[in-house]
Amino acid sequence: MDMLGQTPIPSTAIDECFHDGFALNSGVQVTGGSGVLLVSGEAFEWRPWVVVAGTGTGTGTGAEGGMGKAAIPPKRKLVNEKGQWDVSSEEQWGFLGRLWPRPDLLILGVGPSLRPLSPATRALINSMGIRVEVLDTRNAASQYNLLATERGVDQVAAALVPLGWRE
């Protein structure tokens, strides 16, 4: 018996994970090396590794700071010296604190292979009342598709870096 057979697939469901981005069920493609943030039924480009001029930290979009096409934006490391995925800056996760209602769960796809999440990053996300599940990007996309269909896009969010991402 197919319990979800009549349930519509969310437009933010991930159809394909590319080396440099993602294809969504709505037909939107996020490419060019950008990650994707899926929250409340919306999709956003997400680049936590981009440092915005004057802040010393990334904001998550990489669009601010007056970076022109010719300029190569500075990058910050996402993996700490212990091999943990460490994006523990308020600037990168602050948008989650501004959402209402907040998603219950954030599925974090950390690239081509699984890495542990740093305690500081987990604590920051948990302090907003959001649980976090860390997976490699392919499995995170599948998990998001299942849970967003089952529970709804308001309850589940995803932040995914592309499969080709390297430090």
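Points to keep in mind about this one:
- Ratio of the Cα radius of gyration of segment 14-160 to 2.2 N^0.38 Å, where N counts its residues: 1.00
- Computed as a quarter of the hull surface, the mean projected area of the alpha carbon convex hull for segment 86-159 stands at 4.4 nm².
- Volume per residue of the C-alpha convex hull in segment 116-167, rounded to whole Å³: 83
Taken together, the values in this text are just the output of simple stated rules run on the coordinates, not laboratory data. Note that the structure is a prediction, hence the values are computed from the model and not measured.
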